[in-house]
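The block underneath contains the structure these notes are about, expressed in structure tokens.
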Amino acid sequence: MTQNTATTSTINYRIVFVLALIHFTGDFYSSFFTPLLPAFVDKLGLTLAQVGLITGMVRLLAFVVQPVIGYLADRYETRGFVLTGLFFTFFFIPFSGIAPNFWVLFMVLCIGSIGSSMFHPSTTGMVPLYSGNRTGFCLSLYNTGGTFAFALGPVFITWYVVRFGLEQMPYTLLIGAVAFLFCIRYLPVPITENLSHLGFLGSMKETLGKVYKSIFLIWLVMVLRAVTGQTFITFMPIYLADKGHDLVSVGLIVSFFIVGGTLSGLLAGYLADRTDFKKIFFVSHALMLPALLLYLYLPGPFVYIGSFLAGFAVLASLPLGVVMAQKLAPKSRSMVSSLMMGFAYGLGGAVSPLIGKLADIYGLETVLFYSAFLPLATLIFILKFPRVE
């Protein structure tokens with residue numbers, strides 16, 4: 001490390017806020033696509049297989065390539081990854097509203113997703129440096145920036161599109177431009193562990209050599225959690241629209257899902273600084289099945305309650321996986337963070353083309369029902385987690 005400020009025991013709230021703002025801004029624009037799926041389907045005549053294809057690629061680029069950026073971020077002290085990634089996200093995604101066909105929509109969303117993959121690893125790796133002895137809590141605050149964005153973004157963009165139309169979406173990039181200028185002014189240069197003198201294999205041995213089995217186990221649980229979460233996040237808006245909910249209602253229901261996850265993430269992070277991570281992991285994953293079934297089958301306005309409970313259960317463990325990985329591999333904060341938040345989440349979304357195809361064959365409700373049972377498999381792996389306090 002090259003800065004003493006990173007080793008203090010006091011939380012630097014200003015920098016944590018800036019990092020959370022970056023997370024919020026990037027994810028705010030990333031959240032536009034899912035609730036607008038019904039509008040894109042109507043405008044461009046997309047099939048469920050095409051929805052699955054574009055969603056899978058968006059998730060792949062937004063998350064799966066993060067470990068590469070995380071590896072580089074652990075080796076080079078530069079703000080370039082963060083600022084370039086944030087720019088790609090807030091600048092390109094709004095142009096999806098004027099896409100004339102599937103392939104143009106595919107292109108602008110993919111560029112925006114590449115931007116998302118660039119800023120996440122560096123910012124997540126910076127949080128522990130300014131968190132004092134409250135890493136779990138501060139990572140939850142940082143994560144709240146993203147989850148709150150995914151809660152607010154669908155409400156905002158569905159209201160905006162209903163009020164002004166898809167064609168006016170490019171004007172929304174002005175919001176991101178203001179936040180971008182603020183981040184240029186106050187974002188510090190990321191601090192690395194000075195591993196640039198080591199090659200790839202040398203740095204992997206230095207940072208993960210003794211804990212790779214535990215890291216893999218946590219990552220596997222995060223992948224399985226993401227498959228279920230991404231399936232519901234991607235296809236529930238279409239299912240709800242088929243059940244008669246209008247676009248604004250769909251956006252609000254999606255937001256309730258994210259709000260539930262925001263609150264559970266804060267609670268999980270707070271408890272993680274005071275107790276065993278494994279217990280919180282187990283409880284949250286055990287609650288996923290009943291919560292998701294309530295989300296799927298509660299009638300009428302009660303679906304809002306089901307959505308909140310489902311998000312509360314599904315998203316609670318997201319910051320916990322990151323904190324555990326960073327504590328086990330402190331010299332590779334950015335890369336292991338990207339494995340838990342990016343690579344795992346991206347693989348969960350990458351199966352969307354398969355889920356979409358199965359939904360075309362067997363029906364969307366059937367696929368959602370069986371997807372809700374997947375978290376039960378994670379309980380076995382959670383019992384084998386190392387004890388991290």
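The values are calculated or read from the model by the stated rules, or taken from the named source; none is laboratory data. All values reported here derive from a predicted model rather than from experimental measurement. For neighbour counting, all protein chains shown are included, and Cβ atoms are generated from backbone atoms with ideal geometry for every residue, glycine included.
Data overview
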read-out	value
Per-region count, region 371-387, residues in a helix (DSSP H, G or I) and aromatic (Phe, Trp, Tyr)	1
Scope region 65-78; condition among the hydrophobic types (A, V, I, L, M, F, W, C) and surrounded by fewer than 20 Cβ atoms within 10 Å (Cβ to Cβ); matching residues	VAL68, LEU72
Subset of region 49-88 [out of contact with any Gly (no Cβ under 8 Å at 6 or more places or on another chain) and of a type in the set (D, E, K, R)]	ARG75, GLU77, ARG79
Members of region 118-136 found to be in a helix (DSSP H, G or I) and farther than 12 Å from ILE15 by Cβ, listed by number	MET118, PHE119, HIS120, PRO121, SER122, THR124, GLY125, THR135, GLY136
Subset of region 54-65 [farther than 15 Å from VAL108 by Cβ and either part of a helix (DSSP H, G or I) or modelled with pLDDT of 80 or more (or both)]	GLY56, ARG59, LEU60, PHE63, VAL64
Selection status of ILE114, of a type in the set (A, V, I, L, M), farther than 24 Å from ILE238 by Cβ and surrounded by fewer than 24 Cβ atoms within 10 Å (Cβ to Cβ)	yes
Residue among PHE81, PHE95 that alone is surrounded by fewer than 21 Cβ atoms within 10 Å (Cβ to Cβ) and either in contact with a Phe, Trp or Tyr (Cβ under 7 Å, 6 or more places away or on another chain) or assigned to a helix (DSSP H, G or I) (or both)	PHE95
